[in-house]
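> Below are the structure tokens for one structure; questions will follow.
The values are calculated or read from the model by the stated rules, or taken from the named source; none is laboratory data. If you're wondering where the values come from, they're calculated on a predicted model, not measured in any experiment. Cβ atoms come from the backbone with ideal geometry, glycine included; neighbour counts cover every protein chain shown.
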Amino acid sequence: MQLSHMKLDRQGPVWILCLQHPEKDITLTPPVLAEWMHCLDQIESHADQASLLIHSTHPKTWCNGIDLSWFMTQEEPAILRFMADFEDLLLRLSLLSVPTLASITGNCYAGGALLAAACDFRFMRQDRGRFCFSEIKVKIPFTPCMFTVLQQLPHPQAIWQLALTGNALSALDAQELKLLDRVYPEEILFHESLKFAETMAEKHRATYTIIKQGLRQKTHDLWKTRQAQQ
């Protein structure tokens with residue numbers, strides 16, 4: 001597949017997925033979801049020790065979620081297909097058989113924040129960008145699958161407040177609520193993210209996968225159910 005919205009490279013044991021868009025903010029559409037799934041296929045086709053680092057080249061955005069200008073023009077069948085595909089991506093990323101790190105370089109909103117929640121770890125640029133579940137503001141409620149992924153974050157009260165208010169947090173505020181693992185200045189974010197990803201790539205892959213599935217048992221059960229229904 002020719003990738004237009006992201007780039008997948010490998011640096012040593014670390015897969016580096018770079019989100020990008022040549023014309024506008026980074027958002028989610030059917031072609032973008034297809035590229036995400038293709039990249040996960042590539043990663044899982046290799047059985048060696050590895051980790052996945054996800055970052056963005058956009059000056060302001062890591063991912064702003066669903067492309068609302070596209071979404072609001074679609075008929076119900078297209079919306080249902082898209083939502084099912086997005087749920088599959090969230091579940092698959094949540095259970096990917098390598099350590100995953102979201103290196104959040106800017107705004108991380110709505111569906112983008114759900115993608116970050118699906119990762120094992122979250123680092124963020126400290127001086128710019130907001131972390132936000134804005135579904136309440138754009139009038140797109142979480143699906144049961146999305147709630148499962150949302151609840152993988154470690155602070156139930158923070159999840160409750162963000163989901164119901166749609167408030168946008170700075171990186172430092174999000175870190176204080178334990179939604180982020182670490183916060184760094186822009187100039188060292190990628191370096192520190194890569195260093196951490198390299199360390200995590202040393203973890204025994206099969207053991208790591210089993211532990212992750214156990215920690216995310218509800219997510220794992222939901223994925224198995226969906227797979228059985230297909």
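> Quickly run through the stretch 9-28 and pick out the residues that are in a strand (DSSP E or B) and more than 15 Å from the chain's Cα centre (by Cα).
Selection gives Asp9, Arg10, Gln11, Val14.
> Taking the residues in the stretch 183-197 that are surrounded by 11 or more Cβ atoms within 10 Å (Cβ to Cβ) and among the charged types (D, E, K, R) as candidates, determine which candidate is nearest to Asp173 (Cα to Cα).
This residue is Glu186.
> Go through the stretch 46-89 residue by residue and tally those that are of a type in the set (S, T, N, Q) and in a helix (DSSP H, G or I).
Residues meeting the conditions: 1.
> Could you please tell me which pairs satisfy a Cβ distance under 6 Å, a separation of 6+ or placement on different chains, a first residue in the stretch 128-154 that is of a type in the set (Gly, Ala, Ser), and a second residue that is surrounded by 20 or more Cβ atoms within 10 Å (Cβ to Cβ) and in a loop (DSSP other than H, G, I, E, B)?
Gly129/Gly106; Ser134/Ala110
> Residues to consider are Lys178, Lys212; find the one that is charged (D, E, K, R), in a helix (DSSP H, G or I) and within 18 Å of the chain's Cα centre (by Cα).
Answer to the check: Lys212.
> Follow-up. List the pairs whose first member sits in the stretch 42-55 and is at pLDDT 95 or above, whose second member is among the β-branched types (Val, Ile, Thr) and part of a loop (DSSP other than H, G, I, E, B), and whose Cβ atoms are under 8 Å apart, counting only residues at least 6 apart or on separate chains?
Here the result reads Ile43/Val98; Ala50/Val98; Ser51/Val98; Leu52/Val98; His55/Thr105, each pair linking the stretch 42-55 to a residue that is among the β-branched types (Val, Ile, Thr) and part of a loop (DSSP other than H, G, I, E, B).
> In the stretch 98-138, which residues are closer than 20 Å to Asp25 by Cα and either polar (S, T, N, Q) or surrounded by fewer than 21 Cβ atoms within 10 Å (Cβ to Cβ) (or both)?
Of everything in the stretch 98-138, those that are closer than 20 Å to Asp25 by Cα and either polar (S, T, N, Q) or surrounded by fewer than 21 Cβ atoms within 10 Å (Cβ to Cβ) (or both) turn out to be Ser103, Thr105, Asn107, Gln126, Asp127, Arg128, Arg130, Ser134, Lys137, Val138.
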